[in-house]
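Laboratory data are not the source of any read-out in this text; all were calculated from the coordinates shown. From a predicted model like this one, the values you see are computed outputs, not experimental measurements. A quick note on method: Cβ atoms are made from the backbone with ideal geometry, for glycine too, and the neighbour counts reach across all protein chains shown.
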Amino acid sequence: MIERAYRAALFSLIITLGWAANLNPGDLARQQSSVQLPAFNGDFVGAWRQYEQLTKDQKYEAAFSLVEKMLSAARTARNNTEWTRCLIRLTQLRMALHGYETAVRFLKEQPWPNDFTSSALLNLFYAQSLVVYARNYSWEINQRERVDLKGMVDLKAWTREQIYDEAQRAFENVWKVRNRLGELPVAQWKEYISPNNYPPGIRPTLRDAVSYLRAEMLADTNGWRPEHLNGRYRLDLKTMAAGVLKEFSLVDPARHPLEKISFILADLENWHVKRNEMEAALEARLERYRYLHTHFQAKRDRDLIQSDLELQLKKFAGVAWWSEGMAQLAEFVRAANEPDSLMRAREIALKGKAVFPDSVGAKHCLAIEKAIEAPEYILSGMHNDSPAKKSILVTHKNLAKIYFRAYPIDLLRTIEASTDFDILPSGRELERLVSSTTPAHQWQVPLPPTPDYRMHKTFVVPPMKKPGAYLIAASARPGFPVIDNQIFGLYMTVSDLVLIARPEGEEVQATVLSGSSGEPMADVEVMLYRLDWQKGHRHVESNLSNERGTVRFRSQLGNARFFLVARKGDQISFDPQYINFFARSIQPKRYQTLIFTDRSIYRPTQKLFWKAILYESAPDGSSFKTAPASVLTISLRDANHQVVESRTLTTNSFGTAAGEFFIPSGRALGRWQLESSTGEMSSVQVEEYKRPTFEVKMLDPEKPLRLNQAAFMRGEAKYYFGLPVTSGQVKWRVNRTPVLPSWWSYYSWSDYDLNPARSQVIATGISSLNTDGTFAFSFMPEADERLAGNKNITYRYSVTIDVTDEGGETRSDSRTFRIGFVSVEASLDLGKEFFVKDDGIDIRIMRTGLDGTAQPGKGTWRIVTLVGPSQTLLPAEQPLFIPPGVKTGYQTPGDRERERWRHSYNPEAVLLQWEEGSIQASGTISHDGSGTGKIGSRALSPGAYRLIYETMDDFGAKYELKKDFIVAAPSFDLPLPAVLLLENSSVKVGSTARVLVHSGLKDQILIFETYRDGRCIQRREIHSGKDASLIEIPITEEDRGGFAVALTLVRDHQFVQFRRSIMVPWDNKQLKIQFSTFREKLRPGEQERWRVKVTGPAGRDSAVPAAELLAYMYDRSLDAIFPHTPPSPLGLFPH
């Protein structure tokens, strides 16, 4: 296939990288002491042969000495060809021997030959050296700040922009002589430029080489400025595609690199047209289209490029390279995500190969045609299923039939005979099994046609009715030939037994359910196997399941892995998921220490004040008490973990002790630690820091922010003693990250390329402080206004500022804003996850700007019923969501179905697709200065509802919020297969936690379990339609720290499980502290007395007669260096 452009084309640089990786100072020392430096006798041909041998033998110092002598001779003789060659080779050697930066400076500072070909070649080499350096050392280079070195070449100090600007200037020197280079064949520089394999006349001259090399360098986004990365959509794509740009300076940093690429390639195209070299002209145009197609990914932009290419190809219909143009058009169409794009691409390729059948372009068209028409399939399916079910999925294209074989296997014997990591045979063992075993079933499945040449889904019902384990093999050709064929296999058990394993430390509880109904299966033999690929997997233990379908296994082998097999009569099943046992260590009561320090950072020779609380903890960590009158040792350790000083004290009646350490000078700086004799540690930082004198703060914007309208930022810099910083420099930077709405993941579709993980620097700048310490700047949060129809698109803009005062001190701050096409949004608080019938509906709605600031205003709301299906659908039966306006194209019946083993069931996503019914309540809402508004409604009957809230922003754009919710009752109809909701996720002791456990499936058994500390403490079976859907759990002292609930159901071998946590706070342990008197401003040297009141925990809000209080004051400016985060005693309690 054709190599487009001259990719990384300077051959000499490739050699350099290999040398640099293999050298070290020891090698050089040995070379200098053992190698006799060669002489040069004036014979350049012989000397270059000697040079090649020296470099082959890795005698680089000798090669360097030889080329130095050759360079001197060539310069004296004015032998420009050898002069140029020596400069390149010598620079190359210096890169390997002395480093990249000094070698490039050497090249730039050396005298160059004055003929245009030598100068052009050296400029190309210089430019490419800069670009390669910038790519290889990009991380370190990106940390640099710009320094003006007044024209001196210093790669160690230059920023990325300076390096790429210098490379552009070097390319510009070559560009100026492009007309003269057009008279020279590209082969003239074959020693330095990697040859291409284009047909003659396509990229024939050095002018072509220079143009394509420069375009390639400009396309490297590593060299783009932030405004270039963000500003592509502002460019006039139509003009660039047509190549009719007006002339401008190619070294102007304000012009976009894509504009420069378009101009360069249009210049080359026009030059070839004037010379009637139409194939070369077409190639220049095609390359321009390629770059534009790469960087403009919106459908409308790519359609414009394709239309322009299709129109222009008519002008070149008489030359053979027209076929390559058709191939390129086919590639563009093929890359589109339209339903018919592959069909259209194939038709274009067929036309392209027909006119000039022996051309390179025709061969490219043929390759496209064959790739589109190539058959392909993928096999997946159920691990365990009942007979006569759609257990297998074939994802396929361009196949008329698929052939199957089912081989019965003795599951237990196969497991015990396996000596592989896999439980069942794979690889060569699988091939042997297929070749040496007679299949029990053979069948073929006709596949629906795929006229769009895309992958489609077809579900297959295997014919096996007899229970047991099977290997199912699939082949694209009859007879299962090994050559020119795709053969896939999967294991499947035909059984009604379903195993669910749950590790609980040193125990594992397994539950056996009926795969068809979900009912517990009793008297099932469950076998525990140990996984051992060396000695073979071994049967360890067997137990029978009880009437609830459960069985337990216990093991002390914490470093071993296990798996389970279930068997009852002729039914057999296994769970391929590995199980690990781990012993829960029961700790005796032990003493522990909380250590407080008066701050987090110190200088040498300062004092460190500390206080420690010694306490005794219960084995389960649920209760603590202080340890009075106990001996405690606290040690200070330096950054090398050496003990600096220790103090041994006896705790007072509250179990505390206090002391101080002197931090000596002369020790290693860094992280120091205070260590207790009970083993706990607390870290502090010891540094020769300079105390911050001022702080910087970003202020709220005065006006709402919106996309495509200037965003005005403001802030202030103040000294810690209150006065403003009157002068200084402000550097600012803005990063942009797309933000998708929370429900976006419910749909596997998106019209826009919004990868939330991708962040871009979109603006930078410098401003100054005003005399009152304030500063202001603005940037344009631009986005494509054509996307304004989608109000769900927002962006997170992170604004970072660095303020430097006259003394050189720099302080920083950052602020994050969200900006969208609508400048307001709303969030609502239902107060609970579901409502109960007869309860009034009270909902609080917060109206805010996208940055979270409160926005007073008005809105409207309505509550509508949601209309679900007439009968409850299983998870895999839920309809696929197809958003309005999205073209689905051709579909097979299987494309509209979900896999039963990967249904991704989510009740919220299901409700989102239910249609809206009648309005049950509506009204208007006013938001106060805090942005808060409340709506109320009468009690609603049980069912599903949707709240729809609307408001207008200051720009007249409408914002809409939808939230679905459920009104429950002990018994009610709701056609959802499974729901697990908590009325409140945090419940206090003495209250009752209410849980909604519901299934609309008829006669469905739901397993509801309660967990504490990783163990199941309660399990119950709930029968849908018979048992109450509302479960009430009284909260007691034993529940403090919280517990978890889980819902599990199986139906039609579809597995659904939800887990939720309920927090029970430790509010009985939390003392309340408040200042009775407090004065926030003091003068230096002034004394002050504060009064503090301590009251008991919740429910006992009386004053505490005896409590020890730790109070201390530290310099808040130190938080800018190392934030102070004292430990929290409440954090000790389990959650």
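Brief remarks on what is shown
- Both the radius of gyration and Dmax for the chain are 37.6, 107 Å, in that order, over alpha-carbon atoms.
- Compactness of segment 55-115 as Cα Rg over 2.2 N^0.38 Å, two decimals: 1.09
- Computed over segment 836-896, Cα set: Rg, Dmax in Å: 19.9, 52
- DSSP-defined antiparallel bridges as percent of all bridges, the chain, nearest 5: 95
- Site pair Thr860 and Gln709 shows an inter-label distance of 2.2 nm when each label is modelled 7 Å from Cα along Cα→Cβ.
- In segment 927-1086, inverting the average of 1/r over every pair of distinct C-alpha atoms gives 19.7 Å as the Kirkwood radius.
- Values of log10 I(q)/I(0), in the order q = 0.20 Å⁻¹, for segment 107-190 under a Debye, Cα-only, solvent-free model: -0.93
- Remark: relative contact order (the chain) = 6 percent; criterion is Cα-Cα distance under 8 angstrom and separation of 6 or more residues.
- Each part gets one Cα centre, and for segment 85-116 versus segment 508-564 those centres are 72 Å apart.
- Potential lengthening of the chain between Lys1081 and Arg896 amounts to 59.6 nm, from the contour at 0.36 nm per residue minus the alpha-carbon distance.
- Estimated inter-spin distance, Lys837 and Ser1117, nm [label 7 Å along Cα→Cβ]: 6.8
- Cleavage-rule hits (trypsin sites (Lys or Arg not before Pro)) in segment 1007-1090: DSSP loop, at most 15 neighbouring Cβ within 10 angstrom: Lys1026, Lys1069, Arg1079, Lys1081, Arg1089
- For segment 174-270, chymotrypsin sites (Phe, Trp or Tyr not before Pro) meeting the loop criterion (DSSP other than H, G, I, E, B) and having at most 13 other Cβ atoms within 10 Å: Phe248.
- Segment 502-566 pair-distance distribution - Cα-Cα, 5 Å bins, rounded %: 4, 17, 26, 23, 16, 9, 4, 1
- Taking a ≥ b ≥ c as the square roots of the eigenvalues of the alpha-carbon gyration tensor, segment 590-686 is classed prolate because a/c is 1.5 or more and a/b outweighs b/c.
- Peptides ranked, highest mean first, by Cβ atoms within 10 Å: ranges 643-649, 478-484, 181-187, 591-597: 591-597, 181-187, 643-649, 478-484
- Computed helical MRE - 222 nm, the chain, DSSP H runs ≥ 4 contributing -39500 (n - 2.57), nearest 500: -7500 deg cm²/dmol
- Relative contact order, percent, segment 800-843 [alpha-carbon distance under 8 Å, six or more residues apart]: 25
- From the C-alpha gyration tensor of segment 153-308, square roots of 5λ in Å: 24, 23, 13
- Note on segment 828-1062: Cα Rg divided by 2.2 N^0.38 Å, N the number of residues, gives 1.14.
- Protection proxy ranking, peptides 715-725, 213-223, 1111-1121, average beta carbon neighbours within 10 Å, highest first: 213-223, 715-725, 1111-1121
- Distant-in-sequence amide H partners of Val761 (H built 1.01 Å from N, under 5 Å): Arg736
- Cross-linked pairs Lys887/Lys958; Lys390/Lys535; Lys718/Lys1093; Lys703/Lys1093; Lys988/Lys1093: Cα-Cα separations exceed 31 Å for Lys390/Lys535; Lys718/Lys1093; Lys703/Lys1093.
- Burial ranking of peptide ranges 522-528, 928-934 (average Cβ count within 10 Å, highest at the top): 522-528, 928-934
- Normalised by 2.2 N^0.38 Å, with N the number of residues, the alpha-carbon radius of gyration of segment 473-594 equals 1.45.
- Annotation note: chymotrypsin sites (Phe, Trp or Tyr not before Pro) in segment 1060-1099 located in DSSP loop regions with a Cβ neighbour count of at most 12 within 10 Å are Phe1078, Trp1090.
- Computed over segment 590-686: relative contact order in percent, which uses C-alpha pairs under 8 Å that are six or more apart: 34
- Per residue Cα convex hull volume in Å³ - calculated over segment 377-494: 106
- P(r) histogram, all alpha-carbon pairs of segment 300-401 included - 5 Å bins from 0, percent: 2, 13, 18, 18, 13, 10, 7, 6, 5, 4, 3, 1, 0
- Qualifying aspartates and glutamates (Cα of each under 17 Å from Cα of Lys589; at least 8 residues distant if same chain): Glu616, Asp620, Glu680
- Once the chain from Arg477 to Ala440 is taken as fully extended at 0.36 nm per residue, the excess over their C-alpha distance is 11.4 nm.
- Set of lysines near Lys389 by C-alpha distance (under 28 Å), chain-local residues within fewer than 8 positions excluded: Lys397, Lys401, Lys457, Lys465, Lys466, Lys568, Lys1002
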